[in-house]
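Remarks on the structure that follows.
The values are calculated or read from the model by the stated rules, or taken from the named source; none is laboratory data. Predicted, not measured: the structure shown is a model, and the values here were computed from it. Note that each Cβ is placed from the backbone with ideal geometry, even for glycine, and that neighbours are counted across all protein chains shown.
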Amino acid sequence: MNLQYALLKDTSWQSQVDWQLPDTPFMSFAFWQALIDTQAIGERAGWLPIFVLVYRIEGMAQEATNDTITEPVDISQAVAVMPVFVKDHHRGEFVFDHAWAQAYARYGLDYYPRLVTSSPYTPITGQRLWLAAGETLDADILKTAMAGVDDIAQQVGASSWHGLFVTPTLAKLATSLMPANNVNNPAQITHTEIEALTVNNPILERQGCQFLWQNIDLSQDHQPFTDFDAFLMTLTAKKRKNIRAERRKVTAQGIRCVRKCGDEITEADWKTFYHCYVMTYAVRGQQPYLKEAFFMALAKEMPKHLFLAQAYNENDEIIASSLFLYDTPHSENATLYGRYWGALGEYDSLHFELCYYQGIEFAIEQGLTYFDPGTQGEHKLIRGFIPNKTHSLHRIYDPRFVPAIADFCAKDRLHMAHYRQHAHDALPFNIDNMPEFTDHD
């Protein structure tokens with residue numbers, strides 16, 4: 001396949017090609033346009049986007065070379081686009097490389113700018129390239145896209161590139177193209193392997209853990225749950241009792257919960273939700289990443305993917321809100337994504353009710369297969385959320401740092417594999433419903 005890349009700073013390419021539907025709402029053009037229009041991404045936000053467009057060329061095979069748009073690019077021949085952000089901070093990423101920046105600083109070197117490919121402010125696993133209709137991500141497309149990433153790095157003097165929360169398919173493809181000798185025993189890395197890492201400038205992989213609820217009743221031939229009580233019956237008696245007690249505490253405080261979807265959510269609901277959302281940052285002395293206009297844009301452009309859970313007090317006042325996005329119900333691997341939450345006061349067990357239990361009930365009602373409640377939080381584990389492997393990719397451009405960071409990544413993978421095993425062992429399911437631990441993707 002004869003491919004070349006171009007580096008673009010705007011999104012005019014979106015309307016000139018028939019693109020495949022993204023695998024999550026967070027890679028939809030509507031979501032990204034809302035980020036752009038409300039300046040959540042852009043130079044002022046420290047998320048400066050450059051789009052690596054991979055397109056097909058006629059004639060003999062050529063090595064991928066930069067087309068800076070001084071020469072015409074036939075965007076109609078595009079096969080894929082990878083977003084790349086030039087960043088001078090780590091905010092809104094959720095995969096942390098602060099220690100690497102500190103190592104650079106100790107040697108008097110600047111770790112910034114750095115390049116990031118992700119869905120901004122969104123720790124959700126998903127595709128990181130938009131593909132044209134009929135295309136499949138393969139080695140040629142990824143090699144060409146990465147040539148564009150390397151070109152950006154050279155132009156802006158970036159220390160590194162980071163692909164965050166990528167799919168297992170992309171992680172496997174990237175590390176097979178540019179292997180890091182995936183050292184299974186970092187303590188025994190050889191001098192030859194260190195030299196190879198330095199010369200080859202590999203793509204390094206880190207692995208993490210997030211907790212995912214599954215709408216699968218193992219005791220009923222892997223059928224979806226019929227209701228929340230059916231889910232509770234898969235847990236040990238003690239855990240069932242604890243969850244029911246938490247839900248009763250919410251009711252005992254005179255709180256009732258309401259679920260609304262799409263166009264049912266009024267402008268007044270959105271304003272109150274945003275007030276709640278801002279409070280989650282205010283209590284930590286921080287400013288929120290996203291503006292009210294961002295959520296209003298989502299309400300206008302993608303209402304069929306929005307679900308809002310609200311908590312009302314005895315005076316019929318909204319005291320907390322939790323916003324979710326979700327895939328088309330009953331589609332393959334359809335998922336509910338818990339994203340934004342806030343409360344106007346302290347209420348016993350309300351966070352668990354509004355962010356987890358209301359989400360589980362909604363997923364069951366809508367026929368969604370999974371519920372991803374967001375990053376971190378071992379408290380999710382004891383409520384039936386299963387540990388799952390996540391992947392991130394890292395390319396370090398200073399060869400002097402590659403061996404040490406490769407060693408760190410290898411050790412970190414081993415540590416996280418042990419963590420996922422221990423987390424699985426702590427799951428609250430009874431013996432007939434304990435999912436098998438495989439730790440594969």
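Of the residues in region 290-299, at least one is in a loop (DSSP other than H, G, I, E, B) and among the charged types (D, E, K, R).
Here is a yes/no grid of residues against (1) assigned by TED's automatic domain parsing to the domain that holds ASP18; (2) modelled with pLDDT of 95 or more; (3) on the phi > 0 side of the Ramachandran plot:
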{"site": "GLN102", "(1), (2), (3)": "yes, yes, no"}
{"site": "LEU109", "(1), (2), (3)": "yes, yes, no"}
{"site": "VAL116", "(1), (2), (3)": "yes, yes, no"}
{"site": "TYR121", "(1), (2), (3)": "yes, yes, yes"}
{"site": "LEU129", "(1), (2), (3)": "yes, yes, no"}
{"site": "ASP140", "(1), (2), (3)": "yes, yes, no"}
{"site": "MET146", "(1), (2), (3)": "yes, yes, no"}
{"site": "TRP161", "(1), (2), (3)": "yes, yes, no"}
{"site": "MET178", "(1), (2), (3)": "yes, no, no"}
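Within region 371-418, the residues that satisfy the criterion of being on the phi > 0 side of the Ramachandran plot and either part of a helix (DSSP H, G or I) or out of contact with any Gly (no Cβ under 9 Å at 6 or more places or on another chain) (or both) are GLN376, GLY377, GLY384. Sort out which residues of region 125-143 are of a type outside the set (Phe, Trp, Tyr) and over 16 Å from LEU393 (Cβ atoms), and write them in order of number. LEU131, ALA132, ALA133, GLY134, GLU135, THR136, ASP138, ASP140, listed by residue number. Select from region 304-336 the residues that are out of contact with any Ser or Thr (no Cβ under 7 Å at 6 or more places or on another chain), more than 14 Å from GLY359 (Cα to Cα) and of a type in the set (A, V, I, L, M) and list them in ascending order. Those that are out of contact with any Ser or Thr (no Cβ under 7 Å at 6 or more places or on another chain), more than 14 Å from GLY359 (Cα to Cα) and of a type in the set (A, V, I, L, M): ILE319, ALA320.
Of everything in region 98-121 that is among the hydroxyl-bearing types (Ser, Thr, Tyr) and touching a strand residue (DSSP E or B) at 6+ places or on another chain (Cβ under 6 Å), the residue that is surrounded by the most Cβ atoms within 10 Å (Cβ to Cβ) is SER118.
Per-residue answers, yes or no, for (1) among the hydrophobic types (A, V, I, L, M, F, W, C); (2) under 12 Å from VAL156 (Cβ atoms):
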position	(1), (2)
LYS87	no, yes
ALA99	yes, no
TYR104	no, no
TYR111	no, no
PRO123	no, no
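Contact map, region 13-27: first residue in the same structural domain as SER119 (by TED's automatic domain parsing) and surrounded by fewer than 18 Cβ atoms within 10 Å (Cβ to Cβ), second residue part of a loop (DSSP other than H, G, I, E, B) and among the aliphatic types (A, V, I, L, M), Cβ cut-off under 6 Å, separation 6 or more or different chains; pairs are ASP18/ALA133; GLN20/ALA133.
Let's see how each residue does on (1) surrounded by 18 or more Cβ atoms within 10 Å (Cβ to Cβ); (2) touching a helix residue (DSSP H, G or I) at 6+ places or on another chain (Cβ under 7 Å); (3) among the charged types (D, E, K, R):
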position: SER321; (1), (2), (3): yes, yes, no
position: TYR326; (1), (2), (3): yes, yes, no
position: ALA334; (1), (2), (3): no, no, no
position: GLY338; (1), (2), (3): yes, yes, no
position: SER349; (1), (2), (3): yes, yes, no
position: TYR370; (1), (2), (3): yes, no, no
position: MET416; (1), (2), (3): yes, no, no
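Close Cβ contacts (under 9 Å, 6 or more residues apart or on different chains) running from residues in region 45-57 that are under 11 Å from TRP13 (Cβ atoms) and outside the structural domain of TYR289 (by TED's automatic domain parsing) to residues that are surrounded by fewer than 19 Cβ atoms within 10 Å (Cβ to Cβ) and among the hydroxyl-bearing types (Ser, Thr, Tyr) comprise PHE51/THR11; TYR55/SER76. Of all residue pairs spaced 6 or more apart or on separate chains, those with beta-carbon atoms under 6 Å, a first member in region 273-288 that is assigned by TED's automatic domain parsing to the domain that holds LYS260 and a second member that is of a type in the set (Phe, Trp, Tyr) and not in a helix (DSSP H, G or I) are TYR277/TYR340.
Taken over region 122-137, residues that are of a type in the set (S, T, N, Q) and surrounded by fewer than 18 Cβ atoms within 10 Å (Cβ to Cβ) amount to 1. GLN33 - would you say it is modelled with pLDDT of 95 or more and part of a loop (DSSP other than H, G, I, E, B)? Taking the combined requirement at face value, the residue does not satisfy it. Within region 278-298, how many residues turn out to be over 22 Å from GLY126 (Cβ atoms) and in contact with a helix residue (DSSP H, G or I) (Cβ under 8 Å, 6 or more places away or on another chain)? The qualifying residues number 5. Considering region 138-184, the residues that are in a helix (DSSP H, G or I) and touching a Lys or Arg at 6+ places or on another chain (Cβ under 7 Å) include one that is surrounded by the most Cβ atoms within 10 Å (Cβ to Cβ), namely LEU170.
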